[in-house]
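Q: Please read through the structure below; I'll follow up with questions.
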Amino acid sequence: MAYQVIVVGLGGMGSSALYHLARRLGGPGRVLGLDRGRPPHESGSSHGRSRVIRKAYYEHPSYVPLLLRAYELWAELERELDAPGSLLTITGGLMLGRRDAETITGSLRSAEEHGLAHELLDASAIRRRFPPLAAGDDVWGLYEPDAGYLDPERVVAAQLERAAAWGAEIVTDTPILDWSVSSDGDGVVVRTAGASYRAQRLVLAVGPWVGEQLRAEPESSESAAGRWAEALAQRFVVTRQVLYWFEPSAAAPFSADRFPIYIWETEAGTPFYGFPAQPGPPGGVKVAFHDHRGLARCTPATVERSVSEAEIAAMRACLARHIPTLAGRCLHHATCLYTETPDHHFVVGALPGRPQVILASPCSGHGFKFASVMGEILADLSTSGTTNHAIGRFAPERLLGDADVEGGGGPA
Ligand SMILES: Cc1cc2nc3c(=O)[nH]c(=O)nc-3n(C[C@H](O)[C@H](O)[C@H](O)COP(=O)(O)OP(=O)(O)OC[C@H]3O[C@@H](n4cnc5c(N)ncnc54)[C@H](O)[C@@H]3O)c2cc1C
């Protein structure tokens with residue numbers, strides 16, 4: 001039996017793709033989702049209780065239409081669950097930095113180009129409205145009322161639950177070993193230790209395992225498509241990131257109705273970001289560095305999962321300077337993986353020379369908020385080969401411009 005689409009990897013992106021596909025195609029036998037673990041789990045990128053979502057995107061204004069659709073789809077999923085507010089909490093958001101910092105200028109540009117609600121705050125307004133933030137006199141804040149956070153574990157669980165309800169088949173604790181294009185060229189075959197599955201299309205949403213899965217087509221090194229896949233695999237860099245939950249000296253100023261999500265581009269170097277206090281475990285207030293420098297390169301198999309006292313001390317020193325009432329005890333920490341591209345934009349589209357296989361790598365440390373709309377896009381691409389969403393910026397081919405692939409030409 002052949003499925004219409006197989007989705008490999010059921011983290012934030014794959015579970016969303018599965019949900020959208022099942023809703024669209026309906027009925028058993030159409031869509032299959034496979035995961036090596038039992039999502040939501042903590043081995044990849046979609047865990048840690050909170051993910052920033054915002055509209056005034058400093059990364060580029062072209063993300064804004066996708067964000068507007070993402071918000072609509074998050075609300076739709078919550079309605080389907082009959083649980084409004086269960087996945088997305090609106091808290092307002094503050095981008096902080098010097099007046100010429102990218103967080104300020106980029107967010108302002110997106111807000112103005114797309115007519116998004118926002119306010120530009122000077123340091124005294126920041127300190128008055130958000131007392132825990134020790135903003136120096138040269139710090140500015142771009143405040144947007146629509147920002148907030150998503151709960152990634154709840155999102156993954158909800159998307160899988162709804163996908164199953166719409167008829168998707170889900171197989172967990174089952175790594176795929178390899179995939180190949182079927183001999184008639186019209187579909188794919190996916191192999192696990194105990195079975196092989198056929199489908200017309202394959203969505204690879206394997207997060208930080210992307211390098212491994214790009215290289216998982218047997219004997220592909222002999223084909224141009226295989227060499228393009230190898231070149232693409234080399235463009236991704238997986239980095240270790242640490243999440244910290246610190247105990248505030250007083251809880252009230254950090255409650256979600258008084259304290260926003262924020263990203264702070266400090267002069268000292270690596271930006272850091274955080275959230276209001278969140279009900280439930282592990283307690284405390286979450287903060288993290290947004291470490292794009294890729295100093296700690298790794299794979300999901302080699303990553304150091306423990307967190308050192310020196311790392312905790314470095315985060316505490318950053319807090320002592322910027323949010324002093326949070327620079328106390330570290331209650332909990334966790335590691336997570338970013339899958340970075342050189343230009344920090346996502347990779348979404350068919351593999352060069354392999355139109356049957358759609359690669360979904362919306363990460364570079366900022367993908368989760370898009371998971372809802374990515375599911376819609378992946379469902380479009382895997383059923384019709386195209387989408388109305390503007391995803392040109394995410395084309396895999398853009399990363400291969402300078403690749404030296406024997407067999408010539410550019411990627412198809
Ligand atoms: C610390 C941290 C903070 C972040 N903060 C934000 C934020 O505030 N806002 C935001 O928008 N984004 C944020 N991100 C980015 C966002 O979380 C990621 O872009 C997103 O989670 C990626 O989801 P994914 O589904 O691609 O990957 P994953 O969640 O890692 O899922 C991949 C899945 O593939 C499965 N898999 C792998 N190999 C196989 C195989 N061989 N067979 C079967 N299954 C396989 C894995 O088991 C896993 O379940 C953050 C990421 C981290 C790590």
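Q: What is the set of long-range amide H partners of VAL303 at a cut-off below 5 Å, with H atoms built 1.01 Å from backbone N?
A: Under 5 Å from the amide H of VAL303: no residue qualifies.
Q: Please calculate how many Å² of accessible area segment 275-412 carries per residue, with a 1.4 Å probe and no DNA, RNA or ligand atoms counted.
A: Here the per-residue accessible area is 42 Å².
Q: Using θ = phi - 60° and the Karplus curve 6.51 cos²θ - 1.76 cosθ + 1.60, what whole-Hz ³J(HN,Hα) does each residue of segment 374-385 get, with Gly and Pro shown as x?
A: With the stated coefficients, segment 374-385 comes to 5, x, 5, 5, 5, 5, 4, 5, 8, 10, 10, x Hz.
Q: Continuing with this model, one more query. Which ³J(HN,Hα) values, rounded to whole Hz and listed in residue order, are derived for segment 55-61 from phi using the Karplus coefficients 6.51, -1.76 and 1.60 in 6.51 cos²θ - 1.76 cosθ + 1.60 with θ = phi - 60°, glycine and proline given as x?
A: For segment 55-61, the Karplus curve yields 9, 6, 7, 6, 5, 4, x Hz.
Q: Using a simple spin-label model with points 7 Å from Cα along the Cα→Cβ vector, what separation in nm is obtained for ALA83 and SER249?
A: For ALA83 paired with SER249, the spin-label model returns 3.7 nm.
Q: Can you order the peptides 61-70, 46-55, 363-372 by their average number of other Cβ atoms within 10 Å per residue, highest first?
A: On the way: 61-70: 18.5, 46-55: 22.6, 363-372: 24.8.
Answer by packing, highest mean first, reads 363-372, 46-55, 61-70.
Q: Then there is this: So how much slack lies between ALA320 and ARG98, counting 0.36 nm per residue of separation and subtracting their Cα-Cα distance, in nm?
A: Here the answer is 78.0 nm.
Q: Now a separate question. In segment 250-356, what is the volume of the convex hull around the alpha carbon atoms, normalised per residue and reported in Å³?
A: Spelled out: Cα convex hull of segment 250-356, divided by residues, is 174 Å³.
Q: Probe radius 1.4 Å, ligands and nucleic acids ignored: give me the carbon and sulfur share of the accessible area of the chain as a rounded percent.
A: About 50 percent, which is the carbon plus sulfur part of the accessible surface.
Q: Here's another thing I want to ask about it. How many Å² of accessible area per residue for segment 83-172, probe 1.4 Å?
A: Here the residues of segment 83-172 average 42 Å² of exposed surface.
Q: Also: Please list 3J(HN,Hα) in residue order for segment 209-219, calculated via the Karplus relation 6.51 cos²θ - 1.76 cosθ + 1.60 where θ = phi - 60°; whole Hz, with x for glycine and proline.
A: Working through the residues one at a time gives 8, 4, x, 4, 6, 5, 9, 8, 7, x, 6 Hz.
Q: Let me ask something additional. Once the cut-off is 40 Å, how many percent of the Cα-Cα pairs in the chain end up in the long-distance tail?
A: Cα-Cα pairs in the chain separated by more than 40 Å: 16 percent.
Q: With the other protein chains left in place, how much accessible area per residue, in square angstrom, belongs to segment 1-68 at a 1.4 angstrom probe? Intermediate results must be reported in sequence, preceding the final value.
A: Numbers: 2000 Å² over 68 residues.
For segment 1-68, the solvent-accessible area averages 29 Å² per residue.
Q: While we're on this one: Is there a quick way to get the dipole size of segment 1-95? I mean about its Cα centre, with the Cβ of Lys and Arg at +1 and of Asp and Glu at -1; what is the value in debye to the nearest 20?
A: That gives segment 1-95 a dipole magnitude of about 120 debye.
The values are calculated or read from the model by the stated rules, or taken from the named source; none is laboratory data. Values in this document were obtained by computation on a predicted structure and should not be read as measured data. Glycine gets a Cβ as well: all are built from the backbone with ideal geometry, and neighbour counts include every protein chain shown. Protein only, heavy atoms only, side chains kept; ligands, DNA and RNA dropped before computing areas. Shrake-Rupley method; radii C 1.70, N 1.55, O 1.52, S 1.80 Å.
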